[in-house]
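Worksheet: one structure, shown below.
The values are calculated or read from the model by the stated rules, or taken from the named source; none is laboratory data. All of these numbers come straight from a predicted model, not from anything done at the bench. Every residue, glycine among them, receives a Cβ derived from its backbone with ideal geometry; neighbour counts consider all protein chains shown. Heads up: the accessible areas ignore ligands, DNA and RNA and are worked out on the full protein's heavy atoms, side chains in. Shrake-Rupley method; radii C 1.70, N 1.55, O 1.52, S 1.80 Å.
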Amino acid sequence: MKMIDLEPKLVWQCFDEITRVPRPTHHLEKMKEFLVGWADKHGITVRTDEVGNVMMSKPATPGHENAPTIILQGHQDMVAEKRGDKVHDFLTDPITTIVDGDWVKADGTTLGADNGLGCASAMAVLLDDSIVHGPIECLFTVDEEQGLIGANGLQPGFVEGSILLNLDSEEHGSLVIGCAGGKVTICKLPYSKEDAADGYSYYKVHLNHFKGGHSGMEINLGRGNANQQLCRFLWENFEKYSLQLSTIDGGGLANAIPREAWAIVGIPAGREKEFEQDVVKFSDMIHAEFLLAEGSDFTFTATKTGAPEKQIDRPTALRLISTIFACPNGVQGMSNAVEGLVETSCNLASLKMSDNEITVTLHQRSSVDSRRDEIADRVKALFEMIGATVGFDDAYVGWSPNPDSKVLHVAEESFETLFGRKPKVEALHAGLECGLFLEKMPGLDMISFGPTLKDIHSPNEKANIPSVQEYWKFLCDILRRLA
């Protein structure tokens with residue numbers, strides 16, 4: 001079966017159109033062009049703003065003109081992650097989708113259901129004249145995944161609704177009423193190049209196929225961080241083998257738990273067998289440690305490679321490896337206000353080299369802004385001690401829960417009537433645009449919900465088909481009740 005044949009057809013057909021448009025974060029020119037062209041094709045009123053947000057509107061169903069205006073909101077961009085062996089250019093290539101039982105997934109890349117299905121749902125509402133609703137505004141924001149640029153740049157009057165339905169949550173049956181704020185920390189460490197040492201054998205040490213995932217929603221699952229575990233091995237063996245470090249690379253996006261990291265290292269010739277045995281021992285150890293969180297499919301290997309011409313000066317290599325190994329990573333504190341909610345976390349997201357410096361990127365999140373800043377400052381203090389220059393980027397505020405929200409009560413009643421069970425009402429340890437919307441439009445009444453998505457921000461991302469069917473009924477019923 002093809003995705004376009006699934007129910008609800010309008011939603012999946014709109015999502016199919018979206019998957020054909022390249023739309024990685026910070027590269028949304030084609031997506032903006034698509035949305036404006038799509039609206040013109042269907043005779044839908046559309047306008048854009050200076051940062052690239054797109055707004056489409058639809059009049060109320062006759063007789064419901066006096067109902068409050070509802071904003072349906074999703075973000076245009078997707079996280080661009082792929083398997084190491086997958087040939088795919090996110091700037092030019094469409095996403096290849098696969099229907100697998102109750103799930104839709106992609107072929108070796110992120111699916112982009114985060115937040116393509118939210119955008120597709122809003123588009124389907126614009127097309128479906130069988131839905132009873134008040135005035136509708138559909139807001140498609142830019143660059144949510146890094147910097148929340150669309151929400152930050154939203155100008156007064158671009159949308160005028162009083163109720164906002166954020167369609168960017170990943171668990172059907174959950175009504176989200178709050179989220180964490182976040183900040184990205186960027187550390188730049190200069191290094192000198194040295195000639196590769198004589199009398200050394202060189203290996204590519206490679207940790208691959210950790211599950212990765214969303215650095216907010218899945219930070220509490222105890223998954224391995226490829227960057228930190230690689231540096232753990234290098235630190236443990238640095239002095240034992242007088243280790244030489246030529247290259248190091250790991251992770252990718254700030255909001256994705258790193259699945260893969262590798263390094264080119266040198267060890268004294270004649271000690272290859274001993275080194276390879278230590279690699280096997282370390283592999284066995286982390287497989288035992290991470291079995292429940294990661295399964296057994298990940299790999300830790302060392303493969304012989306040619307000697308490089310240059311390598312990182314050894315004092316800097318040791319400072320870098322030691323600092324990555326010691327760096328805060330994972331859950332840093334649980335909420336005292338909401339049982340079971342991660343309050344504060346840090347994701348050691350990426351290690352990247354250029355000709356003269358190594359850049360380490362981390363993402364801190366917290367439902368308490370001062371704790372977010374504390375963890376970021378701890379990271380800054382740690383990296384400044386080894387000579388790095390540290391700066392901050394993409395800071396965003398959290399969204400404080402409002403349990404007395406009118407739209408929340410409408411949604412709770414709708415869900416229980418439709419499905420015979422109560423929805424879960426919760427706050428998330430993830431960044432949503434709602435906090436910024438509330439800053440710009442005080443008094444806005446909001447909730448966030450969506451269908452069930454798994455393993456977002458990773459090539460294993462998939463969308464649950466039955467949950468999309470229920471989610472669509474739920475969205476349509478909320479619109480009817482609010483009308």
(message) Which three extents, in angstrom, do the Cα atoms of the stretch 339-483 have along their principal axes, listed largest first?
(response) 60, 36, 28
(request) Note the angle between two axes, namely the Cα long axis of helix 113-127 and the longest principal axis of the Cα atoms of the chain, as a number of degrees from 0 to 90, rounded to the nearest 10. (result) 20 degrees
(message) Compute the distance from the alpha-carbon center of the stretch 373-387 to that of the stretch 112-132, in whole Å.
(response) 43 Å
(request) Would you mind pulling out the separation of the Cα centroids of the stretch 68-102 and the stretch 11-39, in Å? (result) 10 Å
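So what's the back-of-envelope 222 nm ellipticity for the chain, counting only DSSP H runs of four-plus at -39500 (n - 2.57) apiece and dividing by all residues, rounded to 500?
Values: 12 runs with 145 residues, N = 483.
It comes out at -9500 deg cm²/dmol, rounded to the nearest 500.
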(request) For Met334 and Glu33, compute 0.36 nm times the residue count separating them, minus their Cα-Cα distance, and round to one decimal in nm. (result) 104.1 nm
(request) Place a +1 charge on the Cβ of each Lys and Arg in the stretch 411-483 and a -1 charge on the Cβ of each Asp and Glu, then give the dipole magnitude about the Cα centre in debye, rounded to the nearest 20. (result) 200 debye
(request) Could you state the accessible area per residue of the stretch 211-339 in Å², with a 1.4 Å probe and every protein chain left in place? (result) 43 Å²
(request) Would you indicate which of [x] 95, 53, 53; [y] 90, 50, 36; [z] 84, 48, 43 is the value of Cα extents along the principal axes in Å derived from the coordinates of this structure? (result) [z]
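Tell me, what is the per residue accessible area of the stretch 342-405 in Å², probe radius 1.4 Å?
Working: 2650 Å² over 64 residues.
Ligands and nucleic acids excluded, the result is 41 Å² per residue.
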(request) Starting from the Cα of Phe419, step 7 Å toward the Cβ, then list every residue of the stretch 460-476 with an amide N under 19 Å from that point. (result) 462-476
(request) Determine the percent antiparallel among the DSSP beta bridges restricted to the stretch 30-186, to the nearest 5. (result) 60 percent
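What does the charge count around Glu384 come to, taking other residues whose C-beta lies under 14 Å from its C-beta (Lys +1, Arg +1, Asp -1, Glu -1)? Could you put the intermediate results ahead of the total?
Working: positive: Lys188, Arg319, Arg378, Lys380; negative: Asp377.
Within the 14 Å Cβ shell, the charges total +3.
The chain: longest stretch without exposed GluC sites (Glu not before Pro) (DSSP loop, at most 13 other Cβ within 10 Å), sites themselves excluded?
For GluC sites (Glu not before Pro) (loop position, at most 13 other Cβ atoms within 10 Å), the longest site-free span of the chain is 340-483.
Please give the net charge around Thr109, taking every other residue with its beta carbon less than 10 angstrom from that of Thr109, where Lys and Arg add +1 and Asp and Glu add -1. Mind dumping the intermediate values first?
Numbers: positive: Lys82, Arg83, Lys86, Lys105; negative: Glu81, Asp93, Asp107, Glu461.
Result for the neighbourhood of Thr109: 0.
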(request) Towards the positive end of the charge dipole of the chain, with charges on Cβ (+1 Lys, Arg; -1 Asp, Glu), say which of Gly182, Pro451, His88 has the farthest Cα. (result) His88
(request) Over the chain, with every protein chain in place, what whole percent of the accessible area is carbon and sulfur at 1.4 Å, could you tell me? (result) 49 percent
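With every protein chain present, what is the per residue accessible area of the stretch 82-162 (1.4 Å probe, Å²)?
Details: 2850 Å² over 81 residues.
Roughly 35 Å² per residue, with all protein chains present.
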(request) Report, to the nearest 10°, how far helix 226-237 tilts away from the longest principal axis of the Cα atoms in the chain, using its own Cα long axis and a range of 0 to 90°. (result) 10 degrees
(message) Rounded to whole Å, give me the distance from the Cα center of the stretch 262-326 to that of the stretch 399-441.
(response) 45 Å
(message) Compute the angle between helix 272-289 and the longest alpha-carbon principal axis of the chain, please, reported from 0 to 90 degrees and rounded to the nearest 10.
(response) 30 degrees
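Nearest 5 percent is fine: what portion of the DSSP beta bridges confined to the chain is antiparallel?
80 percent
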(message) Students often get this wrong, so check it: of Lys424/Lys462; Lys2/Lys41; Lys58/Lys406; Lys9/Lys473; Lys30/Lys440, which have C-alpha atoms separated by over 18 Å?
(response) Lys424/Lys462; Lys2/Lys41; Lys58/Lys406; Lys30/Lys440
